[in-house]
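Following: one structure in structure tokens, then a few remarks.
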Amino acid sequence: MLNIKWDDKGLVAAIIQDSATGEVLMLGYMDAEALKQTLESGHAWFWSRSRQELWHKGATSGNYLKVKEVWYDCDADAVLVKAHPIGPTCHTGERSCFFRRLNSADL
């Protein structure tokens with residue numbers, strides 16, 4: 001599929017960004033089928049590394065990601081999905097998965 005450079009497990013990192021605000025919402029992984037479903041359906045799909053299965057974001061929670069655009073980087077080893085979130089993106093109920101700040105004192 002395209003020029004995407006899949007890793008040794010057949011996955012590519014997918015950064016999800018709010019299409020309106022630019023906020024980074026989550027990082028997931030897509031296999032070729034997840035990327036195809038994302039492009040064709042207009043909703044974000046991922047490969048669940050823990051469950052080893054295709055995963056339609058929001059199918060159980062109702063917190064869908066409506067895809068506006070999909071880009072890939074200069075090395076073709078990551079994709080950027082610009083999406084409109086329907087509800088919180090994080091499984092914890094937070095708007096973004098990136099809600100914890102890391103400081104040097106934490107190391």
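The values are calculated or read from the model by the stated rules, or taken from the named source; none is laboratory data. Remember, predicted model here, so these are calculated numbers, not experimental data. FYI the Cβ positions are ideal-geometry reconstructions off the backbone, even for glycines, and counts take in every protein chain you see. With ligands, DNA and RNA removed, areas are computed over all heavy atoms of the protein, side chains included. Shrake-Rupley method; radii C 1.70, N 1.55, O 1.52, S 1.80 Å.
Note: relative contact order over the chain, using C-alpha pairs below 8 Å and six or more positions apart, is 26 percent.
Here region 53-101 exposes an accessible surface that is 51 percent carbon and sulfur, computed with a 1.4 Å probe and the other protein chains kept in place. Based on Cα contacts under 8 Å between residues 6+ apart, region 1-53 shows a relative contact order of 26 percent.
Checking (1) 18.2, 67; (2) 12.2, 33; (3) 13.9, 45 against Rg and Dmax of the Cα atoms in Å calculated from these atoms, the matching label is (3).
Heavy-atom accessible surface of the chain, averaged per residue, reaches 63 Å², computed with a 1.4 Å probe. Counting Lys and Arg as +1 and Asp and Glu as -1 over every other residue whose Cβ lies under 14 Å from the Cβ of Val81, the net charge comes to 0.
Converting phi to 3J(HN,Hα) with the Karplus coefficients 6.51, -1.76 and 1.60 and the offset θ = phi - 60°, region 55-69 yields 9, 8, 4, x, 4, 9, 8, x, 8, 7, 10, 7, 6, 9, 8 Hz in sequence order, with x at every glycine or proline.
With the highest mean first, a sort of the peptides 7-16, 27-36 on other beta-carbon atoms found within 10 angstrom per residue produces 27-36, 7-16. Listed by chain and number, the lysines whose C-alpha is less than 16 Å from the C-alpha of Lys36, apart from same-chain residues fewer than 8 away, are Lys5, Lys57, Lys66, Lys68, Lys82.
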